[in-house]
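In what follows, a structure is listed as structure tokens, so that the remarks can point back to it.
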Amino acid sequence: MRRRAAGLARMSVLAAALCGGACGGAAPPAAVPPAAPRHLVLVTIDTLRADRLGVYGATTVPTPNLDRIAREGLHAADATAHVPITRPSHASLLTGRFPSEHGLRDNISLPLAASVPTLADVLRAKGYTTAAFVSSFVLSKQSGLDRGFAHYDDTFETGGGDAALFLDSVQRPGDRTIARVGQWLDARPPTEKAAPTALWVHLYDPHDPYEPPEPYASRFADRPYDGEVAWTDELVGRLRTLLEAHGLWQDALVVITADHGEALGEHGESGHGYFAYETTLRVPFIARGPGLPAGTTIPGIVRAVDVMPTVLDLLGLSASAPATTGTSLAPAFRGGAAPPGTTYAESLTPLVHYQWSDLRVWRDGSWKYILAPRPELYDLASDPGETRDLAAAEPARARALRAALEKVLRAERERATAADTGTTAAALSAETLQKLGALGYMSPGAATGTVAQGADPKDRIEEFSRLNGLMRDGLTLLRGKRFAESAAKLSALRAAGGDSFQVHFYLGRALAGQGRTAGAEASFTRTIERMPSFADAHLALADLRLARKDARGALTALAAGQKVLPADAALVDREGQVWQQLGDRDRALAAWRRVMALAPKDALVRWRAGELLLDLRQPDQALAMFREATTLDPSVPDFWNSLGMVLGGRGAHDEAARAFRDATRLDPKNARYAYNLGLVLQRAGKPEAVEWFQRTLTLDPAFAPARARLAELGR
């Protein structure tokens with residue numbers, strides 16, 4: 001009814017214009033465009049199926065907060081992702097491009113290329129305060145998705161440096177993520193509070209393993225995934241309350257969506273990332289804010305790539321929008337034309353991880369074509385569960401959809417062939433794309449109708465489940481440092497045909513944990529052969545050689561990695577550490593300066609460089625490094641302690657004392673920090689020094705220097 005009324009209003013304005021003012025009555029006033037929202041709040045909920053929300057018809061899972069937001073604004077009847085994997089799907093949301101265009105095809109891939117503009121890039125350039133809070137390791141800074149965000153919170157309790165091993169399990173519970181948002185909001189300086197704010201909050205809780213807290217664990221004991229959804233809805237409510245308290249809700253454009261869904265046994269799949277059915281591609285899309293009609297359902301297909309141009313349009317920044325594949329849906333949201341009716345999706349997991357065929361999808365309206373060795377065709381209007389394959393019954397329609405898909409794939413192939421495979425952000429080279437998978441276009445010199453060969457994923461779902469189970473068991477044992485048992489599981493996986501790069505990588509980790517260095521080196525070498533752009537494999541090989549006292553061999557491994565990944569800061573950082581071990585401080589410092597250029601927000605490398613500059617008797621430069629480190633990351637006590645040491649050595653006792661106080665505040669149980677504070681207070685003639693020397697001895701009764709200082713003070 002609202003759209004009909006809007007249409008009649010437009011017809012009246014048109015009629016008046018045609019009358020030229022001679023039809024009687026006063027001319028209607030010019031339409032006033034709706035006010036643009038001041039702030040942006042983007043919430044992405046990992047692994048959330050649309051059919052679990054009340055607004056999408058669910059009756060067994062309470063989602064009052066999400067449903068309320070949908071009532072206050074609008075929701076898309078049919079929203080879809082382009083890939084059922086977290087990192088590439090978020091890249092499409094934040095760049096407005098298909099995976100082959102932005103280059104992220106997997107959770108383990110090169111970072112987003114600097115040449116690909118992001119939503120945050122545009123907003124920060126327009127004066128927005130930009131901040132992001134992510135809850136999964138796959139979205140950490142190494143993904144490159146932090147670009148454009150002045151504050152990017154990706155802290156995870158991993159317990160060590162092996163976080164990259166467990167990409168699917170290294171996460172932060174949503175309540176802790178919301179708490180971090182609150183801490184950031186409270187600490188904002190006045191200049192940030194006065195500016196428009198763009199906030200991205202990522203919640204990971206519906207992802208496997210499904211372990212909701214109480215009372216949801218008991219209430220949904222037989223449906224733990226649904227329990228996670230209900231818990232996540234509560235988190236959204238908490239976030240809303242928090243943002244309302246800080247004045248960042250009422251005049252904000254709020255967009256809530258998911259990166260992909262979750263298969264719960266449909267088509268034999270559990271989880272996501274393997275098949276390309278609607279269970280993992282269909283997602284919710286909800287938006288509210290100034291200028292958006294309440295209680296509206298948007299028809300047509302809302303695509304992930306449409307989010308960036310739509311957001312910029314609704315914020316009044318369409319003139320600043322970079323070129324995207326996506327289309328602004330702002331006109332559709334305001335009652336105009338429906339969104340585009342076609343979309344593309346893919347699943348490369350069977351190809352990349354198992355050397356089977358990939359899956360490519362083209363949709364036109366309700367018709368969906370899946371390109372595989374045995375193609376599939378579904379009418380989602382009459383068969384939303386994709387249970388009746390109509391490829392044989394509708395050959396003409398299948399051919400038409402395939403022809404449209406082939407145009408997309410041909411363009412992909414041309415991009416991959418033209419790119420320099422040594423520097424491109426695409427995880428898959430042109431050669432791989434040509435050799436593997438049902439790519440849907442003719443290879444050079446191939447006979448007409450020839451399709452690249454590969455096992456059909458439909459035929460390997462049971463094998464995939466079995467191999468995936470072995471992988472999970474092996475990773476669980478590896479994480480528990482049960483290296484021999486882990487190696488046995490992963491070796492069984494290898495013998496069963498698991499020949500992917502990560503099988504070799506994790507097996508190498510398990511063998512290295514046992515001290516079986518020769519086997520570990522062979523596994524890491526095979527990893528690199530299968531995925532040259534996997535930085536962790538180059539790092540692991542270098543570390544293995546370092547453990548064997550082969551520093552030169554470690555440098556060779558790191559150089560090989562940098563040849564493929566010249567912009568990877570971690571490889572250069574490790575090179576600096578090796579040069580430091582070899583006693584070549586100049587080369588170590590040169591490497592760390594390269595890291596600073598590659599990673600302008602890396603506080604740790606500045607601290608390392610500062611310590612090295614002290615050894616080189618360059619205290620002024622060291623002081624500058626420590627100041628940068630504490631500015632970039634004020635939460636690390638060692639940074640403040642080092643800053644205090646240099647300041648104290650220069651006689652700046654008051655400033656040194658402030659630095660040591662920050663160190664002791666962050667780590668109140670560290671006797672060394674307490675002693676340093678006492679020492680600088682003593683040198684400044686402050687009686688408070690006695691208290692800190694006494695505290696030092698309370699923390700460590702064997703700390704002799706503190707006892708000596710007390711003796712000097714007659715205590």
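The values are calculated or read from the model by the stated rules, or taken from the named source; none is laboratory data. Only a predicted model underlies this, so the values are computations on that prediction, with no experimental measurement involved. Positions of Cβ are backbone-derived with ideal geometry, glycine not excepted, and every protein chain shown enters the neighbour counts.
Here are Glu655, Glu691: which of them is touching a residue at least 12 places away in the same chain (Cβ under 8 Å) and among the charged types (D, E, K, R)? Talk me through it step by step, then tell me what you get.
Numbers: Glu655 fails: touching a residue at least 12 places away in the same chain (Cβ under 8 Å).
Glu691 is the lone residue from the list that is touching a residue at least 12 places away in the same chain (Cβ under 8 Å) and among the charged types (D, E, K, R).
Tell me which of these Phe660 doesn't satisfy, since it passes every other one: (1) buried (at least 16 other Cβ atoms within 10 Å of the Cβ); (2) in contact with an Asp or Glu (Cβ under 8 Å, 6 or more places away or on another chain).
(2)
Residue-by-condition table, conditions (1) closer than 30 Å to Arg180 by Cβ; (2) part of a helix (DSSP H, G or I); (3) of a type outside the set (Phe, Trp, Tyr); (4) touching a strand residue (DSSP E or B) at 6+ places or on another chain (Cβ under 6 Å):
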position	(1), (2), (3), (4)
Glu628	yes, yes, yes, no
Arg665	yes, yes, yes, no
Leu679	no, yes, yes, no
Gln682	no, yes, yes, no
Gln694	no, yes, yes, no
Leu697	no, yes, yes, no
Ala706	no, yes, yes, no
Gly714	no, no, yes, no
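Please state which one of Ala81, Ala76 is buried (at least 22 other Cβ atoms within 10 Å of the Cβ) and touching a Phe, Trp or Tyr at 6+ places or on another chain (Cβ under 7 Å).
Working: Ala81 fails: touching a Phe, Trp or Tyr at 6+ places or on another chain (Cβ under 7 Å).
Testing whether each residue is buried (at least 22 other Cβ atoms within 10 Å of the Cβ) and touching a Phe, Trp or Tyr at 6+ places or on another chain (Cβ under 7 Å) leaves just Ala76.
Inside region 530-585, can you point out the residues that are in a loop (DSSP other than H, G, I, E, B) and within 20 Å of Leu612 (Cβ to Cβ)?
First, the residues of region 530-585 that are in a loop (DSSP other than H, G, I, E, B): 531-534, 548-550, 565-568, 582-584.
Within region 530-585, Leu582, Gly583, Asp584 qualify.
What number of residues within region 111-133 satisfy the criterion of being farther than 16 Å from Val307 by Cα and out of contact with any Gly (no Cβ under 7 Å at 6 or more places or on another chain)? Write out each step before concluding.
First pass over region 111-133, keeping only residues farther than 16 Å from Val307 by Cα: 111-115, 124-133.
Among the residues that remain, those that are also out of contact with any Gly (no Cβ under 7 Å at 6 or more places or on another chain) are: 114-115, 125-129, 131-133.
Matching residues across region 111-133 total 10.
Give me the pairs: first residue in region 512-539 and under 18 Å from Asp568 (Cβ atoms), second residue among the acidic types (Asp, Glu), beta-carbon distance under 7 Å, and six or more apart or on different chains, which are they?
Sorted first by the residue in region 512-539, then by its partner, the pairs are Ala535/Asp568.
Could you list all residues from region 209-254 that are in contact with a Gly (Cβ under 7 Å, 6 or more places away or on another chain), among the hydrophobic types (A, V, I, L, M, F, W, C), closer than 21 Å to Ser270 by Cα and not in a helix (DSSP H, G or I)?
Once the filter is applied, which keeps residues that are in contact with a Gly (Cβ under 7 Å, 6 or more places away or on another chain), among the hydrophobic types (A, V, I, L, M, F, W, C), closer than 21 Å to Ser270 by Cα and not in a helix (DSSP H, G or I), region 209-254 yields only Phe220.
Results for (1) farther than 19 Å from Gln682 by Cβ; (2) touching a Pro at 6+ places or on another chain (Cβ under 8 Å); (3) at pLDDT 95 or above, shown as yes or no for each residue.
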{"site": "Phe626", "(1), (2), (3)": "yes, no, yes"}
{"site": "Thr631", "(1), (2), (3)": "yes, no, no"}
{"site": "Pro634", "(1), (2), (3)": "yes, no, no"}
{"site": "Phe639", "(1), (2), (3)": "yes, no, yes"}
{"site": "Arg650", "(1), (2), (3)": "no, yes, no"}
{"site": "Arg658", "(1), (2), (3)": "no, no, yes"}
{"site": "Arg661", "(1), (2), (3)": "no, no, yes"}
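When Gly265 is evaluated against the numbered criteria (1) in the same structural domain as Ala125 (by TED's automatic domain parsing); (2) closer than 29 Å to Arg68 by Cα; (3) free of Cβ contacts under 8 Å to residues at least 60 places away in the same chain; (4) not acidic (Asp, Glu), which criterion, by number, is the only one it fails?
With respect to (1) in the same structural domain as Ala125 (by TED's automatic domain parsing); (2) closer than 29 Å to Arg68 by Cα; (3) free of Cβ contacts under 8 Å to residues at least 60 places away in the same chain; (4) not acidic (Asp, Glu), Gly265 is out only on (2).
Restricting attention to region 123-148, and to residues there that are touching a residue at least 40 places away in the same chain (Cβ under 8 Å) and of a type in the set (S, T, N, Q), which single residue is nearest to Leu104 (Cα to Cα)?
Out of the qualifying residues, it is Ser143.
Would you mind finding the one in Leu104, Leu139 that is closer than 13 Å to Trp200 by Cα and modelled with pLDDT under 95?
Leu139
Among the residues that make up region 542-554, is at least one of them hydrophobic (A, V, I, L, M, F, W, C) and touching a Gly at 6+ places or on another chain (Cβ under 7 Å)? Before you say what the answer is, go through the steps one by one.
Step one: filter region 542-554 for residues hydrophobic (A, V, I, L, M, F, W, C), giving 542, 544, 546-547, 551, 554.
Pick out the ones that are also touching a Gly at 6+ places or on another chain (Cβ under 7 Å) and you get none.
Within region 542-554, none of the residues are hydrophobic (A, V, I, L, M, F, W, C) and touching a Gly at 6+ places or on another chain (Cβ under 7 Å).
Residue by residue, here is whether (1) assigned by TED's automatic domain parsing to the domain that holds His653; (2) touching a helix residue (DSSP H, G or I) at 6+ places or on another chain (Cβ under 8 Å); (3) within 21 Å of Arg661 (Cβ to Cβ); (4) not β-branched (Val, Ile, Thr) holds:
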residue	(1), (2), (3), (4)
Ala597	no, no, no, yes
Lys601	no, yes, no, yes
Val605	no, yes, no, no
Leu613	no, yes, no, yes
Leu623	yes, yes, yes, yes
Ala629	yes, yes, yes, yes
Asp633	yes, yes, yes, yes
Asn641	yes, yes, yes, yes
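Among the residues of region 279-301, is there at least one that is crowded, with 20+ Cβ neighbours inside 10 Å and part of a loop (DSSP other than H, G, I, E, B)?
Yes - at least one qualifying residue is present in region 279-301.
Across region 328-353, what is the total count of residues that are of a type outside the set (Gly, Ala, Ser) and closer than 20 Å to Gly73 by Cα? Write out each step before concluding.
First, the residues of region 328-353 that are of a type outside the set (Gly, Ala, Ser): 329, 331, 333-334, 339-340, 342-344, 346, 348-353.
Narrowing the set further to residues that are closer than 20 Å to Gly73 by Cα leaves 329, 331, 333-334, 339.
Here the count works out to 5.
Select from region 394-431 the residues that are modelled with pLDDT under 90 and of a type in the set (A, V, I, L, M) and list them in ascending order.
Passing the criteria: Ala411, Ala416, Ala418, Ala419, Ala425, Ala426, Ala427, Leu428, Ala430.
Might you check whether a residue that is touching a residue at least 60 places away in the same chain (Cβ under 8 Å) and surrounded by 23 or more Cβ atoms within 10 Å (Cβ to Cβ) occurs anywhere in region 491-500?
Among the residues of region 491-500, at least one is touching a residue at least 60 places away in the same chain (Cβ under 8 Å) and surrounded by 23 or more Cβ atoms within 10 Å (Cβ to Cβ), which makes the answer yes.
Check off (1) touching a strand residue (DSSP E or B) at 6+ places or on another chain (Cβ under 9 Å); (2) not small (Gly, Ala, Ser); (3) not in a helix (DSSP H, G or I) for Pro322 and give me the number that stays unchecked.
Just one mismatch for Pro322, condition (1).
Does Glu521 satisfy the condition of being within 29 Å of Lys563 (Cα to Cα) and loosely packed, with under 15 Cβ neighbours inside 10 Å?
Details: within 29 Å of Lys563 (Cα to Cα): yes; loosely packed, with under 15 Cβ neighbours inside 10 Å: no.
No.
Only one of (1) within 30 Å of His353 (Cα to Cα); (2) touching a residue at least 60 places away in the same chain (Cβ under 8 Å) fails for Asn65. Which number is that?
Only one criterion is unmet by Asn65, namely (1).
Of all residues in region 340-396, which are surrounded by 24 or more Cβ atoms within 10 Å (Cβ to Cβ), part of a loop (DSSP other than H, G, I, E, B) and among the hydrophobic types (A, V, I, L, M, F, W, C)?
Leu348, Trp356, Ala372
For region 645-659, how many residues are among the aliphatic types (A, V, I, L, M) and not in a helix (DSSP H, G or I)? Working first, answer last.
Within region 645-659, the first condition is being among the aliphatic types (A, V, I, L, M), and the residues that meet it are 645-647, 652, 656-657, 659.
With not in a helix (DSSP H, G or I) added as a condition, the list becomes 652.
Total satisfying the criteria: 1.
Which of the residues that make up region 302-318 are surrounded by fewer than 18 Cβ atoms within 10 Å (Cβ to Cβ) and either within 24 Å of the chain's Cα centre (by Cα) or assigned to a helix (DSSP H, G or I) (or both)?
Ser318
Taking only region 586-605 into account, find how many residues are assigned to a helix (DSSP H, G or I), closer than 23 Å to Ser635 by Cβ and either among the hydroxyl-bearing types (Ser, Thr, Tyr) or within 25 Å of the chain's Cα centre (by Cα) (or both). Even if it seems obvious, please write down each step before you answer.
Of all residues in region 586-605, those assigned to a helix (DSSP H, G or I) come to 586-598, 603-605.
Remaining after also requiring closer than 23 Å to Ser635 by Cβ: 592, 595-596, 598, 603-605.
With the extra rule that they be either among the hydroxyl-bearing types (Ser, Thr, Tyr) or within 25 Å of the chain's Cα centre (by Cα) (or both), the set shrinks to 595-596, 598, 603-605.
Number of matching residues: 6.
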